[in-house]
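Q: Starting off with a structure, shown below.
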Amino acid sequence: MTSMNRKPLLSLENLKVYYYTDEGVVKAVDSVSFNMDRGETVGLVGESGSGKSTLGLSILRLIPPPGKIVGGKVFFDGIDLTALSEDEMRKVRGKRIGMVFQDPMTSLNPLMKVGDHIVETIVSHEGVPREKAVERACSLLEDVGILPERFNDYPHQLSGGMRQRIMIALALCLKPDLVIADEPTSALDVIVQYQILELMRKLKQVYGMGLILITHDVSIVAEVADRIAIMYAGQLVEYSDVNSFFNSPLHPYSEALLESIPNIQLSDQKLKYIPGIPPSLINPPKGCRFHVRCPYAEHRCGEVEPQTVEFERGRFVKCFRYVE
Ligand SMILES: Nc1ncnc2c1ncn2[C@@H]1O[C@H](COP(=O)(O)OP(=O)(O)OP(=O)(O)O)[C@@H](O)[C@H]1O
Ligand SMILES: [Mg+2]
């Protein structure tokens, strides 16, 4: 491997994204840092409102107002995306970083045939002749398990699962190095959800792209990811390889998350829920943001914010229990 390829595919450094609302400043992403390598899948997990979508959108600089990236850096393939002009950023979106959203209906033009969505994207970004683009679109449709005769269908003629396959084909059509998928399966029933995840796993082997999979469902991450990033109240509280994480989660919030998912191997498992409510991101609790709900909380947890420490090689945790 050349030294050029050793730089991470994506590297976030103290990224801060705030929404300036009438009620106050929502610190939706508050100093998040992590690295991911080429071809890796990172599962980004956290409860509703923890900042997952904001984090995903900020990598592409698609935060809607009143939101703003207020600090930190996003290095993609060594380039600081936060420093690019809007013109330069447009060349990154789609071409180098693709995105799959939860609800395909809001991203697909209802008046456009699904095949043409892909063809137009390829033609407008790469300027190849239309026939070439049609050829590529058909082969992509095949890759995502859609029959070529569906090319001329309109979005509403397809099932939810098929629409999501189209979105995946669209995200892949310019052969990006990274795809960010925000709850790509949460609107689908369990069987279709499983099929889409299988598809994404298969496509990763063929296309070799990195994937950030945003979900509130940890069990999905266990199935498809190499690493897991746990967000709590706008911060990353744990970042780890998936095997170590599921064998021994470090952060008390991670532990609680795992105890709250049904495990088919343990039929007598007592399902626990995490007591308390997610904190406000306008006035987050002082100290560790989880301390009010944490069974291990000590005095200092409510006073001082713990630093993130590297517990083992590649395993990061933000909790005083792991500070000497
Ligand atoms: N456009 C917006 N204007 C103001 N606040 C926003 C906006 N979008 C998100 N927020 C706030 O930012 C915080 C993080 O929201 P975000 O949507 O990133 O969370 P999430 O983890 O993706 O949640 P979910 O699982 O429900 O999708 C929340 O407090 C949310 O209310
Ligand atoms: Mg979200």
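Q: Considering only segment 256-273, I want to know if a residue exists there that is within 19 Å of the chain's Cα centre (by Cα), within 16 Å of ligand 1 (Cβ to nearest atom) and of a type outside the set (Gly, Ala, Ser).
A: Yes, segment 256-273 has at least one match.
Q: Would you pick out the residues in segment 43-60 that are more than 8 Å from ligand 1 (Cβ to nearest atom) and either of a type in the set (Lys, Arg) or within 13 Å of residue 218 (Cβ to Cβ) (or both)?
A: Listed by number, the residues that qualify are 43, 44, 45.
Q: Are any residues in segment 226-237 farther than 18 Å from residue 11 by Cβ and either at pLDDT below 95 or of a type outside the set (Ser, Thr, Tyr) (or both), and if so, which ones? Working first, answer last.
A: To start, the set of residues in segment 226-237 that are farther than 18 Å from residue 11 by Cβ comprises 230, 232-234, 237.
Of everything in segment 226-237, those that are farther than 18 Å from residue 11 by Cβ and either at pLDDT below 95 or of a type outside the set (Ser, Thr, Tyr) (or both) turn out to be 230, 233, 234, 237.
Q: So in segment 21-35, with the set limited to residues that are under 17 Å from residue 237 (Cα atoms) and not acidic (Asp, Glu), which one is nearest to ligand 2 (Cβ to nearest atom)?
A: The selected residue is 28.
Q: In the list 186, 244, which residue meets the criterion of being under 22 Å from residue 101 (Cβ atoms), assigned by TED's automatic domain parsing to the domain that holds residue 45, touching a residue at least 40 places away in the same chain (Cβ under 8 Å) and surrounded by fewer than 20 Cβ atoms within 10 Å (Cβ to Cβ)? Even if it seems obvious, please write down each step before you answer.
A: Details: 244 fails: under 22 Å from residue 101 (Cβ atoms).
Step by step, each of 186, 244 is checked, and only 186 is under 22 Å from residue 101 (Cβ atoms), assigned by TED's automatic domain parsing to the domain that holds residue 45, touching a residue at least 40 places away in the same chain (Cβ under 8 Å) and surrounded by fewer than 20 Cβ atoms within 10 Å (Cβ to Cβ).
Q: Enumerate the pairs (first residue in segment 198-213 and free of Cβ contacts under 8 Å to residues at least 60 places away in the same chain; second residue anywhere and among the basic types (Lys, Arg) and surrounded by 18 or more Cβ atoms within 10 Å (Cβ to Cβ)) with beta-carbon separation below 9 Å, excluding pairs fewer than 6 apart on the same chain, so at least 6 apart or on different chains.
A: Close Cβ pairs satisfying both conditions: 199/165.
Q: Residues that are in the same structural domain as residue 55 (by TED's automatic domain parsing), in contact with a strand residue (DSSP E or B) (Cβ under 8 Å, 6 or more places away or on another chain) and modelled with pLDDT of 95 or more: does segment 257-265 have at least one? Before the answer, list the steps.
A: Filtering segment 257-265 for residues in the same structural domain as residue 55 (by TED's automatic domain parsing) gives 257-265.
If we keep only those that are in contact with a strand residue (DSSP E or B) (Cβ under 8 Å, 6 or more places away or on another chain) too, we end up with 257.
Imposing the further condition that a residue be modelled with pLDDT of 95 or more reduces the set to none.
Taking every residue of segment 257-265 in turn, none turns out to be in the same structural domain as residue 55 (by TED's automatic domain parsing), in contact with a strand residue (DSSP E or B) (Cβ under 8 Å, 6 or more places away or on another chain) and modelled with pLDDT of 95 or more.
Q: Hey, another quick one. Filter segment 36-66 down to the residues that are within 13 Å of ligand 2 (Cβ to nearest atom) and part of a strand (DSSP E or B), then identify the one that is surrounded by the most Cβ atoms within 10 Å (Cβ to Cβ).
A: 44
Q: Any chance you could count how many residues in segment 7-35 are out of contact with any strand residue (DSSP E or B) (no Cβ under 9 Å at 6 or more places or on another chain) and in a strand (DSSP E or B)? If you could, list the steps in order and put the result at the bottom.
A: We begin by selecting, within segment 7-35, every residue out of contact with any strand residue (DSSP E or B) (no Cβ under 9 Å at 6 or more places or on another chain); these are 21-24.
Checking which are in a strand (DSSP E or B) leaves us with 21, 24.
Matching residues across segment 7-35 total 2.
Q: What do you reckon, is residue 120 assigned by TED's automatic domain parsing to the domain that holds residue 204 and either charged (D, E, K, R) or not in a loop (DSSP other than H, G, I, E, B) (or both)?
A: No: the conditions fail for residue 120.
Q: Any idea how many residues of segment 9-42 are closer than 24 Å to residue 220 by Cα and either more than 16 Å from ligand 1 (Cβ to nearest atom) or in contact with a Phe, Trp or Tyr (Cβ under 7 Å, 6 or more places away or on another chain) (or both)? First the steps, then the outcome.
A: First pass over segment 9-42, keeping only residues closer than 24 Å to residue 220 by Cα: 9-12, 28-29, 32-42.
Narrowing the set further to residues that are either more than 16 Å from ligand 1 (Cβ to nearest atom) or in contact with a Phe, Trp or Tyr (Cβ under 7 Å, 6 or more places away or on another chain) (or both) leaves 9-12, 28, 33-41.
Total satisfying the criteria: 14.
Q: Also, quick follow-up: Within the bounds of segment 74-94, is there any residue that is in a loop (DSSP other than H, G, I, E, B), under 30 Å from residue 159 (Cβ atoms) and either small (Gly, Ala, Ser) or at pLDDT below 95 (or both)? Can you show your working first?
A: So the first thing to find is which residues in segment 74-94 are in a loop (DSSP other than H, G, I, E, B), and the list is 77-78, 84-85, 94.
Right, trim to under 30 Å from residue 159 (Cβ atoms) and you get 94.
Then keep just the ones that are either small (Gly, Ala, Ser) or at pLDDT below 95 (or both); that gives 94.
Yes, the conditions are met somewhere in segment 74-94.
Q: May I ask you to say which residue of 192, 206 is surrounded by fewer than 19 Cβ atoms within 10 Å (Cβ to Cβ), in contact with a Gly (Cβ under 8 Å, 6 or more places away or on another chain), among the β-branched types (Val, Ile, Thr) and part of a helix (DSSP H, G or I)? Write out each step before concluding.
A: On the way: 206 fails: in contact with a Gly (Cβ under 8 Å, 6 or more places away or on another chain).
Just a single option satisfies the conditions, and that option is 192.
Q: For the structure I just gave you, tell me whether residue 92 is under 19 Å from the mean Cα position of the chain (by Cα) and within 16 Å of ligand 2 (Cβ to nearest atom). Talk me through it step by step, then tell me what you get.
A: On the way: under 19 Å from the mean Cα position of the chain (by Cα): yes; within 16 Å of ligand 2 (Cβ to nearest atom): no.
Criteria not met by residue 92.
The rows are residues; the columns are (1) within 16 Å of ligand 2 (Cβ to nearest atom); (2) more than 15 Å from residue 207 (Cβ to Cβ); (3) of a type in the set (A, V, I, L, M).
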{"site": "102", "(1), (2), (3)": "yes, yes, no"}
{"site": "115", "(1), (2), (3)": "no, yes, no"}
{"site": "129", "(1), (2), (3)": "no, yes, no"}
{"site": "134", "(1), (2), (3)": "no, yes, yes"}
{"site": "140", "(1), (2), (3)": "no, no, yes"}
{"site": "156", "(1), (2), (3)": "no, yes, no"}
{"site": "184", "(1), (2), (3)": "yes, yes, no"}
{"site": "190", "(1), (2), (3)": "no, yes, yes"}
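Q: Determine, yes or no, whether residue 238 is acidic (Asp, Glu) and surrounded by fewer than 16 Cβ atoms within 10 Å (Cβ to Cβ).
A: Numbers: acidic (Asp, Glu): yes; surrounded by fewer than 16 Cβ atoms within 10 Å (Cβ to Cβ): no.
Taking the combined requirement at face value, the residue does not satisfy it.
The values are calculated or read from the model by the stated rules, or taken from the named source; none is laboratory data. It should be emphasised that the depicted structure is a prediction, and the values quoted were computed from it without experimental measurement. Quick reminder, even Gly has a Cβ in these numbers, built from the backbone with ideal geometry, and neighbours come from all protein chains shown.
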